[in-house]
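Structure first, commentary second.
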Amino acid sequence: MGTVTYLCHLSMESRASMASSPGALPYYVALSQVLGLMVVAMTGAWLGLYRGGIAWEDALQFNVHPLCMVIGLVFLQGDALLVYRVFRNEAKRTTKVLHGLLHVFAFIIALVGLVAVFDYHRKQGYADLYSLHSWCGMLVFVLCFVQWLVGFSFFLFPGASFSLRSRYRPQHVFFGATIFLLSVGTALLGLKEALLFKLGKTSNNLNGHSRPGDCWELAVGEETMAQECVGGGLSG
């Protein structure tokens, strides 16, 4: 979790510098997308080369879980946070719908990953929710659902008044960024857990197989900082 704290500190510094140079926005957006796609590609490569691939059967079913969580809760959720910053000159209704749809896609893909790991545990006879990563993951998943549901009620459902939306908006932005950082921290925690379970404590194995994991962590950290730099203008 120290990685997330470090990222929070760096993102606050980056937001201040970005506020003084809005012309850098397209570069931050492009960087965040390149790094995000790199993280997804590295996850697929790691699962394919070091964990046997992906399938909805046997032991390979577990590998559906990390791929879906990275695509849904890291890449797509991060992009959803950028919508209001990137398309700030578009119609509010359009950006609201796009923001909500990206969160829906992220939630559905994450749900597939969640079903995959629970079904894998059931088939293998393993216990559920036995680690810190498991509980953090469930917390993030529930928070994502609650955040979307409340956001839909306030900003897309026609019943909420303008004053009520205005009062809730800062909290919605804060909790959205917080949930994203929690998602990244949980993903990093899950990678460490997977490496320890797969490789054990043999130093030779760790030296040979943990390097892709280290590169993945670095890429996730860089993507998170880029996303936070762009998303720093959400409240503006």
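Here are a few things to note about the model shown:
- The overall shape of segment 29-116, judged from the alpha-carbon gyration tensor, is oblate: a/c is not under 1.5, and a/b is no greater than b/c.
- Within the accessible area of segment 48-133 (1.4 Å probe), percent carbon and sulfur: 65
- Taking each residue as 0.36 nm, the span from Tyr126 to Ser163 lengthens on full extension beyond its C-alpha to C-alpha distance by 8.4 nm.
- Legend: residues Met38, Met69, sorted from most to least accessible area (1.4 Å probe; ligands, DNA and RNA excluded), read Met38, Met69.
- The HN-Hα couplings worked out from phi for segment 46-55 by the Karplus form 6.51 cos²θ - 1.76 cosθ + 1.60 (θ = phi - 60°) are 4, 5, x, 8, 10, 10, x, x, 10, 7 Hz, whole numbers, x standing for Gly and Pro.
The values are calculated or read from the model by the stated rules, or taken from the named source; none is laboratory data. This one's a predicted model, so the numbers in the text were calculated from it and none came from an experiment. Areas reflect the complete protein model, heavy atoms only, side chains present, ligands, DNA and RNA absent. Shrake-Rupley method; radii C 1.70, N 1.55, O 1.52, S 1.80 Å.
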